[in-house]
Amino acid sequence: MNRLLISLFVLCCTTSSYAGDTDSRVTDILKLDSDEAYGEYLASECSTCHNTSSADNGIPIIHGQDQQALIAALLAYQDKTRENETMQSVAGALGNEEIGALARYFSSQK
Amino acid sequence: MSQLTRRQFTQALGLGAAALTVPINVIGQAKPKVVIVGGGAGGATAARYVAKNSKGAVDVTLIENSKTYTTCFFSNLYLGGVRDYDSITHSYDTLASDYGVKVVHGYASEVDRNGRTIKLQDGTSIAYDRLVLSPGIDLIYDSVPGYSEEAAEIAPHAWQAGPQTQLLKTKLEALQNGDNVVMVAPPNPYRCPPGPYERVSMMAHLFKTKGMTDSTITILDPKPKFSKQGLFTAGWEKHYPGVIEWISPDIHGGILSVDVNTGTVETDLDTFEGTLLNIIPKQTAGAIAHQAELVDDSGFCQIVSDSMRSVVDENIFVIGDASVAGAMPKSGFSANSQAKVAAMHILGDVISSKTFPAKYSNTCWSMIGTDDGVKVGAQYASVDGKIASTSKFVSQGDEDAMVRKETFEESLGWYDGMTKDMFG
Ligand SMILES: Cc1cc2nc3c(=O)[nH]c(=O)nc-3n(C[C@H](O)[C@H](O)[C@H](O)COP(=O)(O)OP(=O)(O)OC[C@H]3O[C@@H](n4cnc5c(N)ncnc54)[C@H](O)[C@@H]3O)c2cc1C
């Protein structure tokens with residue numbers, strides 16, 4: 001991972017509402033190696049709801065989103081600081097390795 | 001299986017498969033053949049994922065009886081006048097043109113498990129290395145005495161989408177203010193646990209929009225309780241007070257018979273009369289699963305919980321409504337989720353792709369009224385040989401209107417994502 005990006009992220013997030021330990025989890029997850037095939041398999045669960053043209057239909061597009069933002073969002077659903085029962089349940093079933101693989105996969109999509 | 005790690009189990013399965021079928025993916029030989037019966041929620045997804053993830057290394061054939069697929073999901077919204085018929089009907093063209101799936105329109109009548117071939121009604125024979133069955137349900141018409149396939153032309157079930165759905169819509173639209181509907185709900189297990197209750201909500205919604213203030217709907221239920229009962233009951237009270245009456249078996253005492261010509265349903269308690277009857281009988285796995293002898297006493301097919309492989313035949317995967325998938329309800333979302341696990345294992349078998357521990361999920365949304373959506377869902381994993389839920393959620397009774405509106409909007413996004421995930 002690009003060091004500059006990480007430090008930028010740490011900078012920006014100290015001023016945001018993320019809990020402190022979430023920041024360090026994001027950084028930890030970014031450091032994990034992730035298997036591309038695993039990311040692709042896990043992502044197939046998400047595609048039932050998130051597709052690439054779901055503009056304006058109640059479910060945001062996550063393809064091509066920033067890797068750190070994806071990790072932070074999944075962690076926020078996981079610790080229930082972000083509302084939405086569906087996403088809380090989805091994220092609740094993910095470990096660090098899964099979150100890392102998913103964020104890498106979706107950030108690399110268009 | 002609990003003594004083995006997942007990796008060991010996967011390896012053991014891989015070895016077993018290789019020993020059985022003698023290398024499918026030997027260089028220079030024909031491509032491995034994967035055949036899927038049923039192009040619905042499970043089958044279309046399986047076809048698309050096997051084709052997409054094998055990148056041309058596998059020959060994929062989808063056998064589907066109909067030229068187009070009308071989704072049961074959102075068919076209640078069509079009945080309620082919220083969606084039109086075209087918007088719930090999909091073509092197989094993109095699966096063929098963009099994913100290279102061979103789409104064969106015909107009825108699969110026979111599986112020869114020893115010869116690994118499948119026969120169509122027109123006599124065509126198709127060989128497979130791995131077979132996916134996703135035939136959905138068949139209806140056991142005479143589980144409601146007096147009901148039959150012919151009677152369904154007068155009193156539609158509309159539990160398989162297509163002409164039946166259109167027939168029910170026509171009959172609903174023809175009702176006059178003061179005419180009544182009687183629904184006979186199905187016994188467990190059946191496809192879409194909240195489906196009958198969403199349907200009466202949408203019927204009541206239609207009456208409301210047409211100013212049919214004197215029409216009522218009676219549900220005669222063989223079950224003492226139903227999915228999202230508290231949410232539905234509160235929603236009916238709020239949007240359609242006095243319109244919908246649900247009658248449990250402790251009250252009606254049992255559904256004895258129906259006469260579609262007189263529009264009557266006889267129960268232990270009383271005879272109920274409706275201008276329109278909607279009879280939803282007991283269900284079983286699609287006929288082809290019975291013919292292949294993959295069905296147990298429940299009328300559905302047992303599967304291995306971390307792969308969706310039939311417990312009877314390791315070359316066959318059974319997904320969707322036809323399977324017994326532990327804690328997962330019979331839903332389109334479940335079928336789609338199971339298809340991805342099956343596709344992964346099929347590619348593991350035939351081209352040695354990597355496999356990972358199975359994850360499953362489901363959410364069922366229901367529309368109760370305008371901008372009033374509710375949902376129930378769960379995550380699942382294979383635990384001690386069964387598909388078990390690892391977390392679940394359900395909409396709250398005291399949610400504010402904004403949350404209900406968002407939930408309804410989510411369901412629109414899901415429908416869009418789901419049908420793209422099936423058909424490309
Ligand atoms: C009113 C209603 C509302 C619903 N709402 C929802 C919802 O909101 N969300 C949700 O997730 N689920 C919903 N469902 C459930 C969902 O429709 C089913 O669970 C889902 O379709 C099951 O998928 P499947 O692949 O098992 O079967 P199906 O989708 O029924 O597909 C089976 C296909 O196989 C074909 N076929 C069968 N046998 C053969 C054969 N021998 N040869 C060739 N072709 C064959 C059929 O023509 C059919 O196209 C609803 C169901 C109903 C009835």
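No lab work stands behind these numbers, since they all come straight from the coordinates. As the structure is a prediction and not an experimental result, all values here were calculated from the model. Cβ: placed from backbone, ideal geometry, glycine included. Neighbour counts: every protein chain shown.
Give me the orientation-averaged projected area of the Cα convex hull of the protein assembly as shown, in nm², one decimal.
26.2
What value does chain B have for Rg/Rh, both radii from Cα atoms and Rh as Kirkwood defines it?
0.99
Just add up the charged neighbours of B:Arg116: K/R +1, D/E -1, any other residue whose Cβ is under 14 Å from the Cβ of B:Arg116.
-3
If you place +1 on the Cβ of every Lys and Arg and -1 on the Cβ of every Asp and Glu, how big does the dipole about the Cα centre of the range B:142-281 come out, in debye to the nearest 20?
740
How many Cβ atoms of partner chains, on average, are near each residue of A:85-96 if near means within 10 Å of its Cβ?
Per-residue shielding by partner chains comes out at 5.
At a temperature of 10 °C and a viscosity of 1.306 mPa s, determine how fast the range B:285-424 diffuses translationally according to Stokes-Einstein, using the Kirkwood radius over alpha-carbon pairs as Rh; express D in µm²/s, rounded to the nearest whole number.
Translational D for this selection: 97 µm²/s.
May I ask you to compute the full-extension gain from B:Gln229 to B:Ser257, defined as 0.36 nm times their residue separation minus their alpha-carbon distance, rounded to one decimal in nm?
Length gained between B:Gln229 and B:Ser257: 7.5 nm.
B:Asp93 versus B:Asn65, label points 7 Å from Cα toward the beta carbon: distance in nm?
About 2.5 nm separates the two model spin labels.
Using the alpha carbons of the range A:62-110, what is the convex hull volume per residue in cubic angstrom, as a whole number?
In the range A:62-110, the Cα convex hull volume per residue is 61 Å³.
When the label point is put 7 Å from the Cα of B:Asp84 along its Cα-to-beta-carbon vector, which residues of the range B:191-233 have a backbone N closer than 18 Å?
Answer for this model: none.
With Cβ to Cβ distances under 15 Å as the rule, what net charge do the other residues near B:Gly242 carry (K, R +1; D, E -1)?
Surrounding charge for B:Gly242 is -1.
For chain B, build the charge dipole from Cβ charges (+1 Lys, Arg; -1 Asp, Glu) around the Cα centre, then report which of B:Trp159, B:Ser257, B:Ser391 sits farthest towards its positive end.
So the residue furthest toward the plus end is B:Ser391.
Near B:Gly417, within a Cβ-to-Cβ distance under 12 Å, what is the net charge of the other residues, with Lys and Arg +1 and Asp and Glu -1?
With Lys, Arg at +1 and Asp, Glu at -1, the net is -3.
Dividing the Cα radius of gyration by the Kirkwood radius, what Rg/Rh value follows for the range B:142-281?
Rounded to two decimals, Rg over Rh is 0.92.
Quick check: pseudo-label points 7 Å beyond the Cα along Cα→Cβ at B:Val394 and B:Ala57, how many nm apart are they?
So the label points at B:Val394 and B:Ala57 sit 4.4 nm apart.
Describe numerically, in nm with one decimal, the distance between label points set 7 Å from Cα along Cα→Cβ at B:Gln291 and at B:Gln121.
Distance between the two pseudo-spin positions: 1.0 nm.
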